[in-house]
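**Student:** Let me begin by handing over the structure; questions about it come next.
The values are calculated or read from the model by the stated rules, or taken from the named source; none is laboratory data. Since we're looking at a predicted model, the values are computed, not measured. Don't worry about glycine lacking a Cβ; one is built from the backbone with ideal geometry, like all the others, and counts go over all protein chains shown. These area figures cover heavy atoms from the full protein model, side chains too; ligands, DNA and RNA do not enter into them. Shrake-Rupley method; radii C 1.70, N 1.55, O 1.52, S 1.80 Å.
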Amino acid sequence: MEERREAPTRERRSEEHQEPLHPAIEDDAEETRRLTETWAAPTGFVGWFMPVNQRIIGRRFIVTAFVYFVLAGLLGIAMRLQLAAPENDLLAPEIYNQFFTVHGTAMMFLFAIPVLEGFALFVVPMMIGTRDMAFPRLNAFGYYVYLIGSGVFFLMLLVGMAPKAGWFNYVPLSGKLYEPGLGVDIWTTMITFIEVSALTAAVELIVTILKLRAPGMTLNRMPVFVWASLVMAFMIVFAMPAIIVASSLLILDRLVGTGFFVPEMGGDPLLWQHLFWFFGHPEVYIILVPALGMVSTIITTFCQRALFGYTAIVMSIVATGFVSFGLWVHHMFATGLPHLGMSFFMAASALIAIPNGIQVFCWIATMWGSRMRLATPMLYVLGFFWVFVMGGLTGVMVASIPFDLQVHDTYFLVAHFHYVLIGGSVMPVIGALYYWYPQMTGRMMSETAGKISFGLVFVGFNVTFFPMHQLGLEGMPRRVYTYLEETGWGELNLVATIGSVVLAAGFATTMVNALASLRWGETARRNPWGAETLEWATESPPPPYNQRHIPVVKSREPVWDWREEDERPVVVGLRSDRREVVVTSMLDAEPQAVQVLPGPTIWPFLSALAATVGFIGILFHPVFFVVSFFLAFFSFVGWFWPRRPWQED
Amino acid sequence: MRQFAGTDVSGLTRFAKQTHPLYAGIIGLIAIELTVVAMLVVSYSYLMLTAPEWPPAGLAPAPLLWPSVNLGLLLTSMVTMRWAGNRITAGDRRGLILGLLASVSLHALVLVFRALEMAAYEFRWDDHAYGSLMWTISGFHFTHVASAIVGTLVVAILAVKGYFTPERQLGVVVDTLYWNFVSAAWIPFYLALYWGPRLI
């Protein structure tokens, strides 16, 4: 049931040419200059703390996240070197514990979520044909909060005070008794802080997607990546509060002696596990779902045909979002919960394979018989297929309780989740980096280096993580800093370490490629990949206002329609002397109103500082809660205070 | 490529209310906070239902009178806020200011009653999990009422300066939305903290 593209044929369009209803619009140079001026971001040192334009903030998220990807990756390499031989003494146990905790936390909270949000913030507004996010200042606030929170967290490693209770930070191990010192305190407050940033991005994405779509882009015509971002944002809204509550309760336990997780006081450590995994399981789908959207986008472009089964894919994405909230207990199969409940979660965990399977079949159908262009983004997508499906298969295995109890806390799990996380999320993200790089910088990344990078990543990844399945089945537990020679695990571990070096070389090639192409990359043509979505309907890189005119959309592949028809309808009547965008209705994208967006300002940065005072201050004295309450209040007043002359129309 | 006018938006309003993205944004904020409320209630119920005795031996369930009075005050303040919004729609600036100040006074009264009630608790937050929950959830709601008060005071100052008109009243509309959330959030807490221990 392939969906026919609903674009009118050239013949019908040429009939309409007869009608005098559509006089052509010529762009006025003076008007364009004024538009550029209105939407320009400030420059200079102070100016760095002021821009609110969606592409600048999105790019900052992406760049910062990749910095953490490299740093946390280096920690991973260090751990692999330690495990290369039995009874190795490269890393002390204490340091090893800090490394795996920071590696996991940073990869999840500092890299994966922000990088996918970053791509969504960068791409979605352009893809739906608008000029900025609905709340540009909140967007900037979210970035500073993320930058400060992640920076403070990572600095703890440099001073040797990083947390060492693992990325899920189980009590009682993370309680004051077993983890004295600031490490876990910083973990809990900074994680809350970074989640605030994720939540602001989520609300903005939801509102921007539902209210600012170009006229005519009904929900049914929304690009799949936008659908995926929307589902991700909804999942963040309902999942992240659980980790915020959990870590707030933990910090209270640690700072003022409350007893939420202390059995002697009537608390319960399992409460932590429930709250954490109620967030933690949706979390892995939060970083998977937008990556699946990237896969759909890249496949459509590089096969040059409409996606097969658009409706089925969208429904699958939505279903994944819902079902992911019913899986958290499968992380707790070994805690002795009632059997009936566990059976439910076992069934739900197997069920999630269905929507994901549907998507894989739709992609195969799209690629079937197409003349595929094997550029780097597409190669990474093909790599994603292999790796992600492998991870999905082991996922179905560990969803079964009897099997799970055998491999619980072994390297089999480590292999499984690296297959789904790197395969399901990192590989599409790298593909997306190559794909959208022209819109970020105006240049293309080197294809040769891209192909080398893909080869190294694909081989290195499988050599690193495939042997871990076997190590897990042989009983090697995760999170041990060394093992005895008699266990016989030495050879496979050595193989994994060699693989990890190759894998790192592959990622490094892409990072160097991205930096070098800034300077030496080939200048991008307009719409270099021949894509169909609106982010390509403008120059590379786009001007500060994204598109000269907000377009009117009539199908799912507007850019291809215009290619065929050689004309396009646009919105007129937006002022160029202030930041105006069209507000449309949620379902049918009919114009409803015009929103006047705020310009650049320093207030979001000041608000982020005010919040930082509170989050770091309470670790030392409770009074900082009150101090920060009022600081934040004053900064918000400064942020929202209407400037004279008050807007009159 | 030829471009033609597909739609003209010069006549559309720049003063949208319910259709303004900010309205949807505040609903998003409320959705997040409602999830936090739900998580706190779930944590409370989880520990209540797994405990052998709730509240711990020697304690009676917290008295009902003042929390119930507070519930009445909070719900009334939703009505006064609604009234304030109606007044500015009718172009009555004095009515708006009066309504905002009445609502703020009701919330301020709630803060006083809550503070007295918490000061009279026979337990501390570090005595047992029950105490931890009572103090944390009360503190959470107290902070929210306080922020609703200061936020609405700012709206009142803008009202005094003549910023709001029947057209330009998005600020009042979204402040009312958040106000209603803060006031109504007391209902689940009230049921869980004061009726929960009596009903199990």
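**Student:** Which count do you get for residues in the range B:142-152 that are more than 11 Å from the chain's Cα centre (by Cα) and more than 10 Å from chain A (Cβ to nearest Cβ)? Working first, answer last.
**Tutor:** Narrowing the range B:142-152 to residues more than 11 Å from the chain's Cα centre (by Cα): B:150-152.
Checking which are more than 10 Å from chain A (Cβ to nearest Cβ) leaves us with B:152.
The qualifying residues number 1.
**Student:** Between residues in the range B:80-91 that are free of Cβ contacts under 8 Å to residues at least 60 places away in the same chain and residues that are open to solvent by less than 80 Å² (accessible area, probe 1.4 Å) and assigned to a helix (DSSP H, G or I), which pairs lie under 6 Å by C-beta distance while being six or more apart or on different chains?
**Tutor:** B:80/B:99; B:80/B:102; B:80/B:103; B:83/B:99; B:87/B:95; B:87/B:96; B:87/B:99
**Student:** Return the residues of the range A:207-241 that are open to solvent by 10 Å² or more (accessible area, probe 1.4 Å) and either closer than 17 Å to residue A:61 by Cβ or of a type in the set (Gly, Ala, Ser) (or both); say none if nothing qualifies.
**Tutor:** A:216
**Student:** With respect to residue A:141, is the statement that it is open to solvent by less than 10 Å² (accessible area, probe 1.4 Å) and assigned by TED's automatic domain parsing to the domain that holds residue A:204 true?
**Tutor:** Details: open to solvent by less than 10 Å² (accessible area, probe 1.4 Å): no; assigned by TED's automatic domain parsing to the domain that holds residue A:204: yes.
Considered against the rule, which asks whether it is open to solvent by less than 10 Å² (accessible area, probe 1.4 Å) and assigned by TED's automatic domain parsing to the domain that holds residue A:204, residue A:141 comes out as no.
**Student:** So, residue A:461, is that one of a type outside the set (Val, Ile, Thr), in contact with a Leu (Cβ under 6 Å, 6 or more places away or on another chain) and closer than 28 Å to residue A:167 by Cα or not? First the steps, then the outcome.
**Tutor:** Values: of a type outside the set (Val, Ile, Thr): yes; in contact with a Leu (Cβ under 6 Å, 6 or more places away or on another chain): yes; closer than 28 Å to residue A:167 by Cα: yes.
So residue A:461 fits the description; yes.
**Student:** Could you please find all residues in the range A:323-376 being surrounded by 14 or more Cβ atoms within 10 Å (Cβ to Cβ) and either not in a helix (DSSP H, G or I) or not assigned by TED's automatic domain parsing to the domain that holds residue A:228 (or both)?
**Tutor:** Residues satisfying the conditions are A:327, A:332, A:337, A:352, A:370, A:372, A:375.
**Student:** Sticking with this structure for a sec: Please go through (1) farther than 19 Å from residue A:298 by Cβ; (2) in contact with a strand residue (DSSP E or B) (Cβ under 7 Å, 6 or more places away or on another chain) for residue A:564 and return the number of the only condition it doesn't satisfy.
**Tutor:** Unmet for residue A:564, out of (1) farther than 19 Å from residue A:298 by Cβ; (2) in contact with a strand residue (DSSP E or B) (Cβ under 7 Å, 6 or more places away or on another chain): (2).
**Student:** Which condition number does residue B:18 fail, the rest of (1) in a helix (DSSP H, G or I); (2) touching a helix residue (DSSP H, G or I) at 6+ places or on another chain (Cβ under 8 Å); (3) open to solvent by 50 Å² or more (accessible area, probe 1.4 Å); (4) under 30 Å from residue B:161 (Cα atoms) being met?
**Tutor:** For residue B:18, the failing item is (1).
Results for (1) at the interface with another protein chain (Cβ under 9 Å from one of its Cβ atoms); (2) farther than 21 Å from residue A:296 by Cβ, shown as yes or no for each residue.
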| site | (1), (2) |
| --- | --- |
| A:191 | no, yes |
| A:218 | no, no |
| A:225 | no, no |
| A:252 | yes, yes |
